[in-house]
1. For the range 32-135, what's the relative contact order in percent, using C-alpha pairs closer than 8 Å and at least 6 residues apart?
2. Mind checking the dipole of the chain: about its Cα centre, +1 per Lys or Arg Cβ, -1 per Asp or Glu Cβ, Debye to the nearest 20?
3. Could you please report the charge total around P98, scoring K, R as +1 and D, E as -1 over all other residues with beta-carbon less than 12 angstrom from its beta-carbon?
4. Give me the distance between the Cα centres of the range 103-136 and the range 27-41, rounded to whole Å.
5. In Å, what is the Rg of the alpha-carbon atoms in the chain, and how long is Dmax?
6. Using the Cα centre of the chain as origin and beta-carbon charges of +1 (Lys, Arg) and -1 (Asp, Glu), tell me which of Y127, V51, I115 is placed farthest towards the positive end of the dipole.
7. Straight-line reach from K65: which lysines have a Cα under 19 Å away, not including same-chain ones fewer than 8 places off?
8. At a 10 angstrom cut-off on C-beta neighbours, averaged per residue, how do the peptides 96-102, 181-187 rank from highest to lowest?
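Read-outs throughout are calculated quantities, based only on the coordinates presented, and are distinct from any laboratory measurement. In this text the structure is predicted, and so the values were computed from the model without any measurement. Backbone-built Cβ (ideal geometry, glycine too); neighbour counts: all protein chains shown.
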Amino acid sequence: MLGEDIGPKILWSGERLPTDDAFFSSLPTSFVIKANHGSGTNYVVKNKEDVEWDKIVDLANSWLKRDYSALSAEWQYRWIPRRLMIEEHIDPDAQQTPANYKFYCFNGEVQLLLIVEESGDERVVCYFDRECNPLKISKSNATVSAMPTGIRTPDKITFHKMRSIADKLSQGFQFCRVDLYHTDRPYFGEMTFSPNAGVERYSPSYVDGILYRLLEKPCHTQAVAELQALRHASPQRT
């Protein structure tokens with residue numbers, strides 16, 4: 001469908017992480033461990049010489065015991081075969097974690113983008129519309145009065161390429177969030193159907209209503225216009 005490989009290389013996948021030293025020795029210096037059935041179930045290894053493999057094995061295998069259909073009413077996780085995977089680290093030499101581009105897709109079309117920047121314990125987020133214009137939207141426990149500093153917005157060509165990927169991957173779903181990264185090229189992160197278990201609250205509060213109306217097919221034109229009305233007065237792009 002996409003005509004290109006956007007996924008990080010999968011180094012291993014299975015139901016439980018192997019514990020033997022030979023397996024650990026076969027892994028590259030840096031890699032990422034993920035589970036396929038939940039939230040926050042990932043672990044980034046920047047340098048395997050700095051970690052204790054037995055503790056990572058215990059942590060990753062413990063993820064498989066979590067039933068998110070019961071914990072947070074996310075029914076799509078109830079029947080999925082739970083698996084772990086190890087992926088290549090897409091930018092092992094970078095000092096900063098790659099930005100996470102979270103595309104909110106309604107009926108197969110991107111309507112909202114959340115860019116997440118993380119550096120150490122610091123986390124900066126900003127919402128954008130379909131054209132990558134920053135929006136005056138924040139989570140209910142935060143305040144956004146201006147374009148946050150530290151946000152790396154993609155150039156126009158890169159943004160349009162990632163948006164096209166998200167549009168295509170979300171075809172056939174009423175709603176889906178497609179997460180991508182970009183270093184030398186776009187990389188697929190994950191797809192999720194109920195971000196924050198569907199209970200995220202926004203500021204201003206009426207954004208919830210806008211997102212609800214975007215679920216209508218075709219997308220509610222008034223809802224799209226209301227999103228555009230939340231643009232910052234001076235959109236910024238690097």
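1. Values: 135 pairs, mean separation 20.7, N = 104.
Relative contact order for the range 32-135 comes out at 20 percent.
2. Numbers: 28 positive and 32 negative charges, 174 e Å.
Roughly 840 debye, rounded to the nearest 20.
3. On the way: positive: R152, R185; negative: D91, D93, E117, E118, D179, D184.
Value of the local net charge: -4.
4. The range 103-136 and the range 27-41 have Cα centres spaced 23 Å from each other.
5. Considering the chain through its Cα atoms, Rg and Dmax are 18.8, 59 Å.
6. Projecting each Cα onto the dipole axis, the largest value belongs to Y127.
7. K34, K55
8. Working: 96-102: 18.4, 181-187: 16.0.
The packing order, highest mean first, is 96-102, 181-187.
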